[in-house]
Amino acid sequence: MDSGDSLLSVAEARARLLEHFHPLPTETIPLSECAGRVLAAEATAGADVPPFANSSMDGYAVRAAEARAGATLPVSADIPAGRGAPGPLAAGTAARIMTGAPLPPGADAVIPVEETDDSRRHAGGPAPKEVMFRQAARPGANVRPAGQDIRAGQVVLSAGRLITPAAVGVLASLGLAQVSVHRRPRVALFSTGDELREAGAALEPGTIHDTNSHSLAAAAGQLGAQAHRLAIAPDQLEAVRERLREARDTGADVIVSSAGVSVGAYDVVKAAVELDGRLSFWRVRMRPGKPLAFGQVHGVPYFGLPGNPVSALLTFEVFVRPALLKLAGRRDTGRVELEAVLSEELESDGRESYLRVVIRREAGAYTAYPAGDQGSAVLSTLVRANGLLILPAGVMRAQAGERHRVWLLEGAELA
Ligand code: AMP
Ligand code: MG
């Protein structure tokens, strides 16, 4: 790991630190627990889904050529779902068939019951002796062929993807009871600062409640990581050192602290980390965001995030999030991105800026309205925002009407 100061772009800093993260080992878990996890090996279909041609309607299986409009055919069979393989359809006859029931050999279409003179819709009734068709059927009508959804041998889900509800359903339809996934990342988090008090504690003059260990734990949890919050560390070298040891003892894959990493007289975190590890201070051309501290302590990757609550969450978003997703085994670590039209002029300072915006859909395009005060201690505007508008490095002023990249924030709704 390099040491010393360097001026890095956001992309360079992210690429450098991501080199230190690799997908965690895999484990096999029950299908019922795999939602939200990351698939470790591609899922290949062992058989067709559905495994047999079946009816997509309640109706009558026929040979399409025999079932002209107005024709009456004798009913030779009754085929419910789930009762085994039916025999072949006798020539010149129809078979009553239910949705999901296997098509009898010889049949090539299903005519819905609504298109027949069969008015006995009540459950459990016997099939009629004969049936008249009001409509003809094209071959293949209302038939779901074997393998319509998934073909045997097909790769259905790639390794490294999030297991969404639909993916859980696909794994279930393949008949898998166990799923190989990556272990969830474990993150140990703590806040530093003499002025911080735990939630619920009364505030003496000059103190504030700890925001960051809670917001960062929530951000980690939202990614599927297991967050372990440790107690606040005061601005004392040995206290921070002790907290770093505790963090290691949780078995963390990543340690994250906030505050105490700038140039203040009581900023002891840097020294504490260097006693038991190594640290790189990177000046990243990012706003908000002070220098990003990254390194390792007790052999565990370590992030020192800025103390201001917005800076802490946004540096987590830009640097820690992709690292955790990479550990989790995800191939794609990016955000859903769209382009939005800026509603008003904005000033910047040449650093790559992440601005809190409210995105609204207007006249077929997305418009980005600044969510309010962009100060790095003003968390309420991050709550109000549903997106982060990214002004590229080098831009000093963005004009109303310009189009810019926007990341949609998780859980946010379009206004
Ligand atoms: P520092 O990085 O220690 O200079 O802190 C920068 C600013 O963030 C100061 O105003 C701190 O009081 C504030 N701050 C640091 N940590 C937290 C925290 N966990 N919760 C809320 N504010 C914090
Ligand atoms: Mg401080």
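Taking the criterion of being part of a helix (DSSP H, G or I) and either within 16 Å of ligand 2 (Cβ to nearest atom) or among the hydroxyl-bearing types (Ser, Thr, Tyr) (or both), the residues of the range 236-286 that qualify are Leu237, Ala239, Val240, Arg243, Val269, Lys270, Ala271, Ala272, Val273. Restricting the range 27-55 to residues that are within 30 Å of Ala107 (Cβ to Cβ) and under 32 Å from the mean Cα position of the chain (by Cα) leaves a set whose member that is least open to solvent (accessible area, probe 1.4 Å) is Ala45. Against the test of being part of a helix (DSSP H, G or I), more than 18 Å from Asp332 (Cβ to Cβ) and not β-branched (Val, Ile, Thr), the options Ala201, Ala152, Ala217 yield a single qualifying residue, Ala217.
Scanning the range 339-391 for residues that are open to solvent by less than 30 Å² (accessible area, probe 1.4 Å), touching a residue at least 60 places away in the same chain (Cβ under 8 Å), within 22 Å of Leu313 (Cα to Cα) and touching a Leu at 6+ places or on another chain (Cβ under 9 Å) turns up Ser348, Ser353, Tyr354, Leu382, Leu388. Of all the numbered requirements in (1) closer than 30 Å to Ser180 by Cα; (2) among the hydrophobic types (A, V, I, L, M, F, W, C); (3) modelled with pLDDT under 95, Leu327 misses one, and that requirement is (3). The condition of being touching an Asp or Glu at 6+ places or on another chain (Cβ under 8 Å) and farther than 30 Å from Arg330 by Cα holds for only one of Gly59, Gly82, that being Gly59. Considering Gly289, Gly350, the condition of being in contact with a Phe, Trp or Tyr (Cβ under 9 Å, 6 or more places away or on another chain) and at positive phi is satisfied by Gly289 alone. For the range 210-226, the condition of being farther than 18 Å from Ala377 by Cα and of a type in the set (D, E, K, R) holds for none of the residues. Among the residues of the range 152-194, just one is open to solvent by less than 20 Å² (accessible area, probe 1.4 Å), within 16 Å of ligand 1 (Cβ to nearest atom) and farther than 21 Å from Asp253 by Cβ, namely Gly193. Taking the criterion of being in contact with a Phe, Trp or Tyr (Cβ under 8 Å, 6 or more places away or on another chain), farther than 22 Å from Pro322 by Cα and within 14 Å of ligand 1 (Cβ to nearest atom), the residues of the range 253-277 that qualify are Gly260, Lys270. In contact with a helix residue (DSSP H, G or I) (Cβ under 7 Å, 6 or more places away or on another chain) and open to solvent by 30 Å² or more (accessible area, probe 1.4 Å): does that describe Leu24? No: the conditions fail for Leu24. Here Ala101 meets each of (1) open to solvent by less than 50 Å² (accessible area, probe 1.4 Å); (2) in contact with a Leu (Cβ under 9 Å, 6 or more places away or on another chain); (3) of a type outside the set (Ser, Thr, Tyr) with one exception, condition (2). Count of the range 253-278 residues, restricted to those that are over 21 Å from Ser215 (Cα atoms) and buried (at least 21 other Cβ atoms within 10 Å of the Cβ), is 3.
Applying a threshold of 8 Å to beta carbon distances and a minimum spacing of six or more residues, or different chains, the list of pairs starting in the range 212-226 at a residue that is more than 22 Å from Val181 (Cα to Cα) and at pLDDT 95 or above and ending at one that is among the hydroxyl-bearing types (Ser, Thr, Tyr) and open to solvent by less than 20 Å² (accessible area, probe 1.4 Å) reads Asn212/Ser191; Asn212/Ser258; Ser213/Ser191; Ser213/Ser258; Leu216/Ser258. Kindly provide the set of residues from the range 220-252 that are within 26 Å of Asp332 (Cα to Cα) and either open to solvent by less than 50 Å² (accessible area, probe 1.4 Å) or within 14 Å of ligand 1 (Cβ to nearest atom) (or both), ordered by number. Selection gives Ala220, Gly221, Leu223, Gly224, Ala225, Ala227, Gly251, Ala252. Kindly check whether there is at least one residue in the range 110-132 that is part of a strand (DSSP E or B), more than 30 Å from Leu171 (Cβ to Cβ), of a type in the set (A, V, I, L, M, F, W, C) and open to solvent by 30 Å² or more (accessible area, probe 1.4 Å). Yes, the range 110-132 has at least one match. Of the residues examined, Arg197 is not one that is closer than 19 Å to Phe303 by Cβ, open to solvent by 30 Å² or more (accessible area, probe 1.4 Å) and within 13 Å of ligand 1 (Cβ to nearest atom). Tell me, yes or no, whether the range 294-314 has at least one residue that is hydrophobic (A, V, I, L, M, F, W, C), at pLDDT 95 or above and open to solvent by 20 Å² or more (accessible area, probe 1.4 Å). Within the range 294-314 (the criterion being hydrophobic (A, V, I, L, M, F, W, C), at pLDDT 95 or above and open to solvent by 20 Å² or more (accessible area, probe 1.4 Å)), the answer is yes, since at least one residue qualifies.
The values are calculated or read from the model by the stated rules, or taken from the named source; none is laboratory data. Just so it is clear, the structure is predicted and the values come from calculations on it, not from any experiment. For neighbour counting, all protein chains shown are included, and Cβ atoms are generated from backbone atoms with ideal geometry for every residue, glycine included. Note: areas computed on protein heavy atoms with side chains; ligands, DNA, RNA excluded. Shrake-Rupley method; radii C 1.70, N 1.55, O 1.52, S 1.80 Å.
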